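Remarks on the structure that follows.
The values are calculated or read from the model by the stated rules, or taken from the named source; none is laboratory data. Keep in mind the model is a prediction, meaning the values are calculated, not measured. Cβ placement follows ideal geometry from the backbone for every residue including glycine, while neighbour counts extend to all protein chains displayed. Remember, those area values only see protein heavy atoms, side chains included, never the ligands or the DNA or RNA. Shrake-Rupley method; radii C 1.70, N 1.55, O 1.52, S 1.80 Å.
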Amino acid sequence: MSTTIFLQALLSGLTNGAIYALVAVGLTLVFGVMRIVNFAHGEFLMLAMYGGYLAFTFLGLDPILAVFLVAPVLMLMGYLLFDGLIRPALKVPEINQMAVTLGLSLLLQYLALVAFKADNLLVTQERSTASIWLGPVLIQMPQAIAALASIILLGLFYLVLRKTDLGLIMRVVSQSRDGAALSGIDISGTYRWAMAIGLGTLGIAGPLMVSALYVNPHVGQLFTLKAFVIVIVGGMGSFGGVLIGALLVGIAESIAASWLTASVAAAVPFALLILVMLLRPEGLVPAGGSR
Amino acid sequence: MSAPQPLLAVAGLGKSFGGLKAVSDVSFTVMPGEIFGIIGPNGAGKTTLFNCLSGLLPLSAGTVHLDGRRIDGLRPHEICRLGLARTFQIVRPFHGMSVLENVKVAAFARHPASAAAEQHARLALGRVGMAHLADLDAERLSVAEMRRLEIARAIATEPRLLLLDEMLAGLTATEAAALCEQIRRINAEGVTIMMVEHSVPIISELCGNAIVLNFGEMLASGATRAVLDDAQVQEAYLGSAAS
Amino acid sequence: MLRRFLPALVPTMLAIAGFGVGLADPYFMEIFIMVGLIGTVAVAWNLMAGFTGLVSLGHSLFFGIGAYTVAYGQVGFGLGPLATWPIAMLMAAASALCIGLLCFRYGLRGYFFSIATLAFSEVAFLLVSATLWLGRSDGMMLPSSPDALRYLQFDHKWPYGLIIVAFLALTLFLSQAFLTARPGYYWRALRDNEGAAEALGVPAMRYKLLVFALSAVLTALGGAIFANTFAFVDPRSTLGVELSIQLLVFGIIGGLGLLWGPLLGAALLIPAGELLRTYLGSGFHGINIVAYALLMIVLALLLPQGLGGVLGARLARPSAEKRATADQAPAVEAAS
């Protein structure tokens, strides 16, 4: 492989990785705060992508502006989802929780199929075909915008988590639900906010992604799986771990894609997961994570 | 024949979590047939010590020998099968199982066949006076009954050394007295016992020898009476408790 | 003895009755075959999920190993089921042991075990979809042969129904034998509290690997039977995540705490799905899955023990009363 091809793969791996990180970070937040894995996470990304597409097609909104419409809608969805589904799901065994969110994932996929059919849709504008040269390698404009927005958002997200009262409360709740309840923290309220922010990040990622990547009803499933891999590779629950995991997955995937068939390359994130499990059996899992 | 060999010999045992030392340099021996006490205030490292001995936590330093055989580094189930059983401070029976089934899980350690395991599980329940509760859903037991179930499970593994972790906490005086009697009876039947307990009167009544832990360090060891009279112990533990 | 195997015997009798109904009508036989096959695989899956607390979302991997071993064994080497079924089961056991060792050594449990198993099956799905000699995503046909019996090729569906009755009976009786002996007790103890179980002498790793291997072997046998029954395998229907999710759904709806729970789930949902498809027609592609998903969400929230759990509690009412009297016994003792 020549250096240029390698650098090109590295760059697109990094841009993809930044976007993956934004998708995975919402999943981690929800899992970290309420210990529930949302198997429908990717389906909300899919909805946000459709949101961006519809805003562009019917309102003529630029995807960057559509973010300001779609993100609040997704936050509201998270807010309502908590009270409608997640709060009751917290009372049933873990395996039933899994069935609930898996059911939601199927439900959203097939509702989308009924509504939008199975067509691949994409926002195409003037800048869609534009690209930027960075030395010997080039980056597509839509990808660049999405990656840049992801980086800004991840920074913001980190600040919220570290510097604000809400962030502090979320960190406390994720460490000890009982301890937080004893110190008078409104657990349900925190959960609701975690859900709203967790899906809200998708509301930002979705519209930006739909000008770089086709949306169809089943696009979310792949992202859910990748986000899971990223979260496990990155150590289950830490913000920094998600970043590292996402970049690793993004780079591994795009380097593999440059010299393997697409289908084999798609297996690379999972192979990476298996590799990490083989090589780091002692680590990455928090010691007290069992109970 | 030389002097009798200790059943349990702990030498220089240490355990730290990250940089924090939970237990450091603890050494003592337990002779066959005795009831051995571990005293210490909350957070002194008593439960950590038990977790190290039973193999649930790896040691950071030191060695543990059971009847002359080194057991540190073994898995908990191997240690159990070598004859060291323990109870847990937070009693939680296996969910969805009857009292008898809970004990049967333990009895399988010695009796692989289902019928034999069931028979020995019933015997163990009888030894703690719970034979009549065998078919009850284990989660419907009272706190005192759950403690006895916990002991029944442990003795069903047919241990030579039984580690009891705060079995009497939270029980009424009558319940505690009955349980003490049962502990004494199990000991008389040939099981060596090592117990963690808060209550000084109970320790001094049951245990011939004891050690005192404070902030993970061993303050004193020896005959229970002498240990309790130790000036350091008086100050560190009993003194502060009395004030 | 009879009492011990009653939970296996009754469903087997019902399955034989279902097979009898299927004899009357080929359409019924087809439904019976799907219910019996996938329902039995769900029973094998539930040995892990319901009884040991290891929720695999990657069981399609083992089903696919079974199906593809039969298909490639016949296409590539001319091997019949006599050779391919045992090979498939061995391969499934070996992969389960490898995956299990990896996951358990890594300390994966709960959700993360589920996701890791899902990842393994996804790798298999993607690789098979890209492998030319396995037919890529188009799948493989099992060619018909003049030596029909050797390759289990029949003109009618009912012989396959018979094979599936045998598969169902084998799985139920074998599972019940394990569940009522030491492994069953150890599995349930591990499901609830691994630390406490280990302290009571339960070798956690060994028994988790045992249940994983047993469940995988039975699942692979199911996949092998699938391949012979339909004479066709493809990645989507034998290796796809949809199959694994289906097992979970049958388990949740039928009841995870019962040997026959997942079978009940399959017996209710597969015919219901057929009805939905018949009445709504193919014009509403996807609407049947929407209904299916809604049912799954509602039942998972409202009936955590599943329909079988509710039914089982009804049947067990007399013994519950017995417990109530046992409860009063100590009080009487104390009073006297």
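Tabulated values for the structure
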| quantity | calculated |
| --- | --- |
| Value of [θ]222 nm, deg cm²/dmol, for the protein assembly as shown, DSSP H segments ≥ 4, -39500 (n - 2.57) each, nearest 500 | -21000 deg cm²/dmol |
| Where region A:3-220 is the region considered: accessible area per residue in Å², 1.4 Å probe | 42 |
| Isotropically averaged projected area of region C:2-251, using the convex hull of Cα atoms (one quarter of hull area), nm² | 13.4 |
| Separation between Cα centres of region A:133-211 and region C:193-260, rounded to whole Å | 36 |
| Formal net charge of residues neighbouring C:LEU101 (Cβ-Cβ distance under 14 Å; K, R +1; D, E -1) | +3 |
| Number of partner chain Cβ atoms within 10 Å, mean per residue of A:265-271 | 6 |
| Most to least accessible of C:PHE104, C:PHE232 (protein chains only, probe 1.4 Å) | C:PHE232, C:PHE104 |
| Burial ranking of peptide ranges A:261-274, C:211-224, C:2-15, C:114-127 (average Cβ count within 10 Å, highest at the top) | C:211-224, C:114-127, A:261-274, C:2-15 |
| Degrees between helix A:63-81 axis and first principal axis of chain A (Cα, 0 to 90, nearest 10) | 30 |
| For q = 0.10, 0.11, 0.14 Å⁻¹, Debye-computed log10 I/I(0) when each Cα of chain B counts as one equal scatterer | -0.47, -0.57, -0.92 |
| Region C:173-253: proportion of alpha-carbon pairs further apart than 16 angstrom, % | 64 |
| Dipole of region C:2-251 [Lys/Arg +1, Asp/Glu -1 at C-beta], most positive-end residue of C:LEU134, C:LEU218, C:ALA189 | C:ALA189 |
| Inter-site label distance for B:ALA116 and B:ASP67 at 7 Å from Cα along Cβ, in nm | 1.7 |
| Interface size A-C, as summed buried accessible area [1.4 Å probe, Å², nearest 100] | 4200 |
| Gaussian network model of chain C, springs between alpha carbon atoms under 10 Å - residue of C:ALA181, C:ALA169, C:ALA266 with greatest fluctuation | C:ALA181 |
| Nearest-ten-degree value, helix C:306-315 long axis tilted from longest Cα axis of chain C | 50 |
| Total charge dipole magnitude, region B:94-158, about the Cα centre, Cβ charges on Lys, Arg, Asp, Glu only, Debye to nearest 20 | 200 |
| Average partner coverage of C:108-120, which counts Cβ from other chains inside 10 Å | 6 |
| Cβ-defined net charge surrounding B:VAL30, 12 Å radius [Lys, Arg +1; Asp, Glu -1] | -1 |
| Gaussian network model of chain C, Cα within-10 Å springs - most flexible of C:THR180, C:THR69, C:THR40 | C:THR180 |
| Separation between Cα centres of region C:287-308 and region C:1-62, rounded to whole Å | 19 |
| Residues of type aspartates and glutamates that C:LYS157 reaches as a straight line, Cα spacing below 16 Å, ignoring anything fewer than 8 places off in the same chain | C:ASP25, C:GLU30 |
| Compactness index (Cα Rg / 2.2 N^0.38 Å), chain A | 0.99 |
| Angle between chain C longest axis and helix C:81-105 axis [Cα atoms, degrees, rounded to 10] | 50 |
| Average beta carbon contacts from partner chains per residue of C:151-158, 10 Å cutoff | 0 |
| Listed residue pairs exceeding 23 Å between alpha carbons, taken from B:LYS21/C:LYS208; B:LYS46/C:LYS208; B:LYS21/B:LYS46 | B:LYS21/C:LYS208; B:LYS46/C:LYS208 |
| Positive-pole candidate from A:VAL92, A:SER174, B:CYS52, dipole of the protein assembly as shown, charges at beta carbon | B:CYS52 |
| Surface per residue (accessible, 1.4 Å probe) for chain C, Å² | 41 |
